[in-house]
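Enquirer: Sharing a structure below in structure tokens format, with a few things to ask.
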Amino acid sequence: MATELQCPDSMPCHNQQVNSASTPSPEQLRPGDPILDHAGGNRASRAKVTLLTGHTHCSLPAELDAGACVGSSLNSESNSGSGDSSSYDAPAGNSFLGDCELSRQIGAQLKLLPMNDQIRELQTIIRDKTASRGDFMFSADRLIRLVVEEGLNQLPYTECMVTTPTGYKYEGVKFEKGNCGVSIMRSGEAMEQGLRDCCRSIRIGKILIQSDEETQRAKVYYAKFPPDIYRRKVLLMYPILSTGNTVIEAVKVLIEHGVQPSVIILLSLFSTPHGAKSIIQEFPEITILTTEVHPVAPTHFGQKYFGTD
């Protein structure tokens, strides 16, 4: 069963009509389930979206409403690689994110790409341990491109008038200048080319954050940004959100350089409920854009993408 959502003016018009043979089981989908706010952008667009509700899962920390989600302890697939490396154990269930208190706490700050079979296949290949590195990289680059495109759709634009080759006037839009990318090394560097493919001249900064060997806390080792980053809107790139600690430290560094959380859009491929919740609790104004929220994150991403697995 699919749930139809009439999108408001703020929803993007591209890649939103989904036709799929995948049907959630009756045990998973219940009447009246709330739906998490999905990726939105230019107000000039209006579209009707068919959202598959079976691809989002959730888990809740024990201190939250015990009746919201019921499940057992989970560990991430791997504690080495690209995502936040700390292991994460939390109660988890098969109910949807929209069923949980988590969705009410996060709200519109967490945006999901509208699910379709193409995205689902790319997620499957990335998670498949038997996938070749070539197939993995090809699928990862495709998924990164989709996330980057939707991230750009969150940026402000202005209306403009152009003249066509036949002499007609066309009312269109153009994005406002003053944007930049920031990648969290090293897994975030995998997303840089996808951003450059869409914005040829965009400036990209870098942050290196690693866990301290003694305290196991995230520590900033390197940060290099455009000198006027405090005046720019920032696309922060980090493909895997596990605990959220690395991103939290990166945002703190950006704030030290004058960037407001409200102008930061975090581009991610996969997120755990705990990771997304931690980031939003720390910075309620930040926007998170991802393709999937699931208790188990593919934390092998960086190692396999760069061939160090």
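The values are calculated or read from the model by the stated rules, or taken from the named source; none is laboratory data. Every value quoted in this text rests on a predicted model; they were computed, and no experiment measured them. Counting neighbours? That spans all protein chains shown, and the Cβs are built from the backbone with ideal geometry, glycine included. These accessible areas exclude ligands, DNA and RNA; they are computed on the full protein's heavy atoms, side chains included. Shrake-Rupley method; radii C 1.70, N 1.55, O 1.52, S 1.80 Å.
Enquirer: Answer with yes or no whether residue 154 is under 15 Å from the mean Cα position of the chain (by Cα), at pLDDT below 95 and closer than 22 Å to residue 259 by Cβ.
Expert: Judged against the criteria, residue 154 is a match.
Enquirer: Open to solvent by less than 60 Å² (accessible area, probe 1.4 Å) and under 16 Å from residue 267 (Cα atoms): does that describe residue 151?
Expert: For residue 151, the condition - open to solvent by less than 60 Å² (accessible area, probe 1.4 Å) and under 16 Å from residue 267 (Cα atoms) - is met.
Enquirer: So, in region 202-215, of the ones that are open to solvent by 10 Å² or more (accessible area, probe 1.4 Å) and of a type outside the set (D, E, K, R), which residue ends up farthest from the chain's Cα centre (by Cα)?
Expert: 215
Enquirer: Within region 109-121, can you find the residues that are modelled with pLDDT of 90 or more and assigned to a helix (DSSP H, G or I)?
Expert: Those that are modelled with pLDDT of 90 or more and assigned to a helix (DSSP H, G or I): 117, 118, 119, 120, 121.
Enquirer: Out of the residues in region 98-108 meeting the condition of being within 19 Å of residue 267 (Cα to Cα) and buried (at least 19 other Cβ atoms within 10 Å of the Cβ), tell me which one is modelled with the highest pLDDT.
Expert: Looking at the filtered set, the residue picked out is 106.
Enquirer: In addition: Being open to solvent by 40 Å² or more (accessible area, probe 1.4 Å), part of a helix (DSSP H, G or I) and either β-branched (Val, Ile, Thr) or touching a helix residue (DSSP H, G or I) at 6+ places or on another chain (Cβ under 7 Å) (or both) is the filter here; which residues of region 122-131 pass it?
Expert: 124, 125, listed by residue number.
Enquirer: Output the residue which, of all residues in region 283-309 that are in contact (Cβ under 8 Å) with a residue 40 or more places away in the chain, of a type in the set (S, T, N, Q) and open to solvent by 10 Å² or more (accessible area, probe 1.4 Å), is nearest to residue 241 (Cα to Cα).
Expert: Per the stated criteria, the residue is 287.
Enquirer: Also, I was wondering about something else. How many of the residues making up region 157-185 are of a type outside the set (D, E, K, R) and under 27 Å from the mean Cα position of the chain (by Cα)?
Expert: Count: 12.
A quick yes/no check of all residues on (1) at pLDDT 95 or above; (2) closer than 21 Å to residue 187 by Cβ:
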{"position": "231", "(1), (2)": "no, no"}
{"position": "236", "(1), (2)": "yes, yes"}
{"position": "241", "(1), (2)": "no, yes"}
{"position": "262", "(1), (2)": "no, no"}
{"position": "266", "(1), (2)": "yes, yes"}
{"position": "269", "(1), (2)": "yes, yes"}
{"position": "273", "(1), (2)": "no, yes"}
{"position": "276", "(1), (2)": "no, yes"}
{"position": "281", "(1), (2)": "no, no"}
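Enquirer: Let me ask something additional. Condition check: surrounded by fewer than 17 Cβ atoms within 10 Å (Cβ to Cβ), among the small types (Gly, Ala, Ser) and part of a helix (DSSP H, G or I). Does residue 134 satisfy that?
Expert: So residue 134 fits the description; yes.
Enquirer: Under 18 Å from residue 204 (Cα atoms), free of Cβ contacts under 8 Å to residues at least 12 places away in the same chain and open to solvent by 10 Å² or more (accessible area, probe 1.4 Å), is that true of residue 255?
Expert: yes
Enquirer: Same structure again: Read through the list (1) crowded, with 22+ Cβ neighbours inside 10 Å; (2) closer than 19 Å to residue 123 by Cα, then give the number of the only condition that residue 247 fails.
Expert: (2)
Enquirer: Quick test of your reading of the structure: residue 242 fulfils all but one of (1) of a type in the set (Gly, Ala, Ser); (2) open to solvent by 10 Å² or more (accessible area, probe 1.4 Å); (3) under 18 Å from residue 183 (Cβ atoms). Name the failing condition by number.
Expert: Checking residue 242 against (1) of a type in the set (Gly, Ala, Ser); (2) open to solvent by 10 Å² or more (accessible area, probe 1.4 Å); (3) under 18 Å from residue 183 (Cβ atoms), the one that fails is (2).
Enquirer: Could I ask something else about it? Considering (1) open to solvent by 30 Å² or more (accessible area, probe 1.4 Å); (2) at pLDDT below 95, say which one residue 146 fails and leave the rest.
Expert: (2)
Enquirer: Checking residue 209 against (1) out of contact with any Gly (no Cβ under 9 Å at 6 or more places or on another chain); (2) without any contact (Cβ under 8 Å) to a residue 40 or more places away in the chain; (3) in a strand (DSSP E or B), only one condition comes out false. Which one?
Expert: The single condition residue 209 does not satisfy is (2).
Enquirer: Return the residues of region 157-201 that are in contact (Cβ under 8 Å) with a residue 12 or more places away in the chain, open to solvent by 40 Å² or more (accessible area, probe 1.4 Å) and in a loop (DSSP other than H, G, I, E, B); say none if nothing qualifies.
Expert: Across region 157-201, the qualifying residues are 176, 186.
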